Amino acid sequence: MIPVKGYAAQTPTTDLAPWDFERRDVGPHDVQFDILFCGVCHSDLHQIKNDWFPGIFPMVPGHEIVGRVVKVGDHVKKFKVGQLAGTGCMVESCRVCENCKEGLEQYCIPGSSQTYNGLEQDKKTPTYGGYSNSIVVNEDFVLHISEDVDLAATAPLLCAGITTYSPLRHWKVGKGHKLAVLGLGGLGHMGVKFGVAFGAEVTVLSTSPNKEADAKALGAHHFVVTTDPAQLEAAKNTFDFILDTVSAPHDFNMYLGLLRINGVHICVGVPPEPASIEAFSLMGGRRSLAGSGIGGIAETQEMLDFCAEHKIVSDIEMIDIKDIHAAYDRMVKGDVRYRFVIDMATL
Ligand code: NAP
Ligand code: ZN
């Protein structure tokens, strides 16, 4: 086994703290890479707090992981020692179900192995994430990262990037479409960047009036303060798509009313509580409520290559790992500009 240093929550009510653990030895198809940076996703906080379901503890969060390869297994073909590597939200899947065969491992029918707070495919061994100094992953779930990019600012692409890229590609959002990005946080700011890159007319819907200048600097064409009834009224029946990145309970019926005919409200945010939806909100205007989860491995690589080519990275604020709870507190207040990234040298 390989000794690893990490930061873990021992229970849902204790703060993260240093924790030593072990990872498996590098198998024939495995890549081991030392972690240089790890992004901080709102999902990390949801999961250490058991917001969604009872988690597996101790929990080492982190699924926006980048670093440098230090060891490869005998049969590894895709990676060499010294190369950059990344891992997102999944480390394995069944590989044989119809979704896996289509490259949609995130929708693996028996269940993909989440990078942390999950189990390996043996359904017994817990997984531990990127708030740690090294990780061992099957080469098929490791992504290539260009040497030409800002590595720390690329880490968030592994979750916030692919989670917004994938639905915009699936619904072919682009020129001629009015796209609203609901919530300007980690996912939201990437949604704006991709929406603009794909040619859509992008509006940010935000509860934070002080984010308007940032939204425009990110490329958004319009900004609507959702707590202002007059601005909300003017936005009714206008959008083809809403990309909903909100992490907390919110009024879906109100936002559905902003869609024009045939509009699609795409949920990527995952609030802890179920929402109440009125059939009238969908029926009027033949609207759809849809959802999307991260992206498959091939599409994640496509997104990373697209970002390298188009010079797209995340806007980040680097933190020391000891400040993780201060970062979470700011994230909950909507005060993230626009992704915290942990410098793993501080572990
Ligand atoms: P984040 O950085 O905290 O951003 C969320 C943003 O939502 C906030 O900055 C805020 O933006 C807005 N917001 C917060 N509370 C709100 C409320 N009550 N009403 C309206 N807007 C509110 O979080 P994130 O890391 O982007 O993650 C967002 C959500 O996506 C989380 O639930 C996360 O678990 C989920 N997620 C899903 C996937 C997937 O595969 N589908 C992947 C990753 C993350 P404003 O200040 O602009 O209002
Ligand atoms: Zn995430």
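Just a few scattered comments:
- Kirkwood Rh (inverse of mean 1/r, distinct Cα pairs), segment 195-310, angstrom: 15.6 Å
- The Rg/Rh ratio of the chain, with both radii computed over alpha carbons and Rh defined as the Kirkwood radius, is 0.97.
- In the chain, the portion of solvent-accessible area held by carbon and sulfur atoms comes to 54 percent [1.4 Å probe, whole percent, DNA, RNA and ligands not counted].
- Each pair of Cα atoms in segment 170-260 enters the Kirkwood radius, and Stokes-Einstein at 4 °C and 1.567 mPa s then converts it into a translational diffusion coefficient of 101 µm²/s.
- FRET efficiency, 1/(1 + (r/R0)^6) with R0 22 Å, evaluated for ASP335 and ASN253 via beta carbons: 0.20
- Cα-centre dipole for segment 132-185 with unit charges at Cβ (Lys and Arg positive, Asp and Glu negative), debye to 20: 580 debye
- A Gaussian network model of the chain, with springs between Cα atoms under 10 Å, assigns the largest mean-square fluctuation among SER314, SER132, SER247 to SER247.
- If a spin label sat at a point 7 angstrom from the Cα of THR346 along the line to its beta carbon, the backbone N atoms of segment 107-133 nearer than 17 Å would be those of 130-133.
- Accessible surface of ILE277, taken over heavy atoms with a 1.4 Å probe and every protein chain present, rounds to 60 Å².
- Relative contact order %, the chain, counting alpha carbon pairs below 8 Å whose residues are six or more apart: 18 percent
- Cβ-Cβ distance of GLU102 and LYS175, R₀ of 30 Å, FRET efficiency by 1/(1 + (r/R0)^6): the value works out to about 0.65.
- Residue of ALA160, ALA152, ALA290 that the Gaussian network model of the chain assigns the largest fluctuation, springs spanning Cα pairs under 10 Å: ALA290
- Accessible surface area normalised per residue over the chain is 42 Å², counting heavy atoms of protein chains with a 1.4 Å rolling probe.
- Distance-filtered residues of segment 53-69 - backbone nitrogen under 16 Å, label point 7 angstrom along THR14 Cα→Cβ: 55-61
- According to the Cα-based calculation, Rg over Rh for segment 1-122 is 0.97, with Rh computed by the Kirkwood formula.
- Backbone N within segment 177-208 under 14 Å of label point (7 Å from LYS216 Cα along the Cβ vector): 204
- For segment 110-180, the equivalent ellipsoid built from the Cα gyration tensor has semi-axes of 29, 18, 11 Å, listed from largest to smallest.
- Exposure rank, largest accessible area first [ILE319, ILE56; 1.4 Å]: ILE56, ILE319
The values are calculated or read from the model by the stated rules, or taken from the named source; none is laboratory data. This is a predicted model, so every value here is computed, not measured. Quick reminder, even Gly has a Cβ in these numbers, built from the backbone with ideal geometry, and neighbours come from all protein chains shown. Areas reflect the complete protein model, heavy atoms only, side chains present, ligands, DNA and RNA absent. Shrake-Rupley method; radii C 1.70, N 1.55, O 1.52, S 1.80 Å.
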